[in-house]
Amino acid sequence: EYSGNADCRFDLAILSVKARFTKKQDELLLKYYGSSGFSFRQLQLMKCVVALHQTGWCLVQTKLAKINFDYKKYALMHLNCFNKIAKRLSL
């Protein structure tokens, strides 16, 4: 966890999204994290939140960033991640 002050589901979800974990890896993450306080589905829902969060951050960076980086492409990658997870969850 980043700080212990936030929802651990967010921290685990951002790890999973950034590392592009598979379903099996997500299951192992939950198993070895040792939390029975939330389910696989809750992790997937939080991954949707993370993907949208990252999409928004990237879109802001397209206007504000002073470095040469394709934030639009990165935003689209996260938006596609959201769509993929949401489709699996039938959102």
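So here's what we get for this one:
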quantity: Yes/no for Lys31 being in a helix (DSSP H, G or I), loosely packed, with under 12 Cβ neighbours inside 10 Å and either more than 12 Å from the chain's Cα centre (by Cα) or free of Cβ contacts under 8 Å to residues at least 60 places away in the same chain (or both); calculated: yes
quantity: Selected residue (criterion: farthest from the chain's Cα centre (by Cα)) from residues of region 34-54 that are hydroxyl-bearing (Ser, Thr, Tyr) and more than 14 Å from Leu15 (Cβ to Cβ); calculated: Ser36
quantity: Some residue of region 40-51 being assigned to a helix (DSSP H, G or I), in contact with a His (Cβ under 9 Å, 6 or more places away or on another chain), open to solvent by less than 40 Å² (accessible area, probe 1.4 Å) and not aromatic (Phe, Trp, Tyr); calculated: yes
quantity: Count of region 38-78 residues which are farther than 20 Å from Asp26 by Cβ and of a type outside the set (Ser, Thr, Tyr); calculated: 18
quantity: The listed residue being surrounded by 17 or more Cβ atoms within 10 Å (Cβ to Cβ) and without any contact (Cβ under 8 Å) to a residue 40 or more places away in the chain, out of Asp70, Asp7, Asp26; calculated: Asp26
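The values are calculated or read from the model by the stated rules, or taken from the named source; none is laboratory data. Only a predicted model underlies this, so the values are computations on that prediction, with no experimental measurement involved. A quick note on method: Cβ atoms are made from the backbone with ideal geometry, for glycine too, and the neighbour counts reach across all protein chains shown. Just the protein is used for accessible areas: all its heavy atoms, side chains included, with ligands, DNA and RNA removed. Shrake-Rupley method; radii C 1.70, N 1.55, O 1.52, S 1.80 Å.
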